[in-house]
1. Would you call residue 91 touching a residue at least 12 places away in the same chain (Cβ under 8 Å), among the acidic types (Asp, Glu) and buried (at least 19 other Cβ atoms within 10 Å of the Cβ)?
2. Is there any pair with a first residue in the stretch 30-42 that is at pLDDT 90 or above and a second that is part of a strand (DSSP E or B) and open to solvent by 60 Å² or more (accessible area, probe 1.4 Å) whose Cβ atoms are under 7 Å apart and which are 6 or more apart or on different chains, and what are they?
3. Can you name the residue in the stretch 1-24 that is more than 19 Å from residue 77 (Cβ to Cβ) and not small (Gly, Ala, Ser) and, of all such residues, is modelled with the lowest pLDDT?
4. Answer yes or no as to whether residue 173 is surrounded by fewer than 16 Cβ atoms within 10 Å (Cβ to Cβ) and at pLDDT below 85.
5. Check 140, 123 and return the single one that is within 25 Å of residue 74 (Cα to Cα) and open to solvent by 10 Å² or more (accessible area, probe 1.4 Å).
6. What number goes with the only condition from (1) assigned to a helix (DSSP H, G or I); (2) open to solvent by less than 60 Å² (accessible area, probe 1.4 Å) that residue 166 does not pass?
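The values are calculated or read from the model by the stated rules, or taken from the named source; none is laboratory data. What you see is a predicted model; the values in this text were computed from it and never measured. A quick note on method: Cβ atoms are made from the backbone with ideal geometry, for glycine too, and the neighbour counts reach across all protein chains shown. Side chains included, ligands, DNA and RNA excluded: accessible areas come from the protein's heavy atoms. Shrake-Rupley method; radii C 1.70, N 1.55, O 1.52, S 1.80 Å.
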Amino acid sequence: MKNLTEFGSRLVTLNTGAQGLRGGLKCTVKEVEGDAPVMDFIASDETLDRYNEVIKLDGWQLDNFRANPVIPDCHDYSSITKILGRSPRIEVQGAKLVNRIEFCLVNPIGNLAYKMARAGFLKSESVGFIPLEWATGNAKDQPDRTYTKAELVEVSLVVVPANPGATIGMALKSGAITKNDISDLRDFLEETCANPTPKVRILRFKVGQKVLLRPESPKLLAFPYSEIGIKADGTVIATYTRQGVMDVEFMTDNFSGMLQGVSFGDFIPADQKDFCGEEAGPEHSAGASVAGTFDAQLLQLARGLNQVLRGA
């Protein structure tokens with residue numbers, strides 16, 4: 001893997017804690033036969049939006065993404081309120097990267113995303129990736145960079161941007177979504193802010209500890225964590241802290257994956273006689289400042305949706 005320092009301010013922290021890049025891929029979106037809320041996002045253009053760069057389709061490494069194929073809105077992994085669905089299948093077929101997305105209709109934002117995708121309002125995916133190998137173009141007719149090998153870490157859709165008026169408003173006027181769809185999402189966001197998750201100090205897990213996810217943990221009660229959570233019991237192989245919220249990566253015999261925003265009460269030691277971590281100090285706790293910022297973001301989106309409804 002090459003040194004990434006040449007990317008400078010373009011580098012972002014991906015949901016795994018690794019440094020990488022994000023960019024958009026234009027897609028053709030097709031419905032999948034059957035009654036399930038499933039759509040195929042097909043990227044045949046290797047060009048990265050907004051940059052004079054290309055990602056070679058045959059250079060994608062997909063295994064890490066397949067281990068935790070969550071599809072959030074706007075790369076926001078901070079809460080299940082932003083989870084649109086999951087990707088049960090992603091693969092390179094010939095000269096196309098085909099990502100199948102199963103939308104979570106019980107989440108109002110997942111329902112909105114599905115309807116907007118069916119109506120043609122979502123025509124791209126945003127990917128987060130780690131560049132592994134690339135070549136620099138030297139001629140005017142060449143891309144600035146050609147990524148010949150890249151590790152896919154994230155796939156996201158942009159359903160509700162910071163200013164939802166244009167996209168959501170157009171979808172409403174076209175009949176792709178209804179006022180009820182928007183008001184359901186608004187109410188969902190407002191309710192989330194009014195009934196926040198209890199603020200508990202997070203557990204600073206130790207790499208190598210064996211832990212089990214509590215069967216009654218909220219992480220198991222919402223799609224798509226139910227499937228992931230069952231497999232995640234095992235050995236802690238890495239931890240990452242982002243803005244006071246800890247992510248933990250596990251490995252079992254047949255699974256390696258992430259759980260985001262792990263709280264102190266979500267896990268118990270595999271052997272109750274062994275203590276699997278320590279309670280983090282205030283500097284590492286998921287305190288009011290972080291939660292307050294998150295609540296403010298949700299309320300801002302709710303207000304934006306209200307403006308769309310008033311203008312309808």
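1. Details: touching a residue at least 12 places away in the same chain (Cβ under 8 Å): yes; among the acidic types (Asp, Glu): yes; buried (at least 19 other Cβ atoms within 10 Å of the Cβ): no.
Judged against the criteria, residue 91 is not a match.
2. That search, which allows pairs on different chains as well, returns 39/30; 39/31; 40/30; 42/28; 42/30; 42/96.
3. 1
4. Values: surrounded by fewer than 16 Cβ atoms within 10 Å (Cβ to Cβ): yes; at pLDDT below 85: no.
Against the criterion (surrounded by fewer than 16 Cβ atoms within 10 Å (Cβ to Cβ) and at pLDDT below 85), residue 173 does not qualify.
5. Working: 140 fails: within 25 Å of residue 74 (Cα to Cα).
123 is the lone residue from the list that is within 25 Å of residue 74 (Cα to Cα) and open to solvent by 10 Å² or more (accessible area, probe 1.4 Å).
6. Against the list (1) assigned to a helix (DSSP H, G or I); (2) open to solvent by less than 60 Å² (accessible area, probe 1.4 Å), residue 166 comes up short only on (2).
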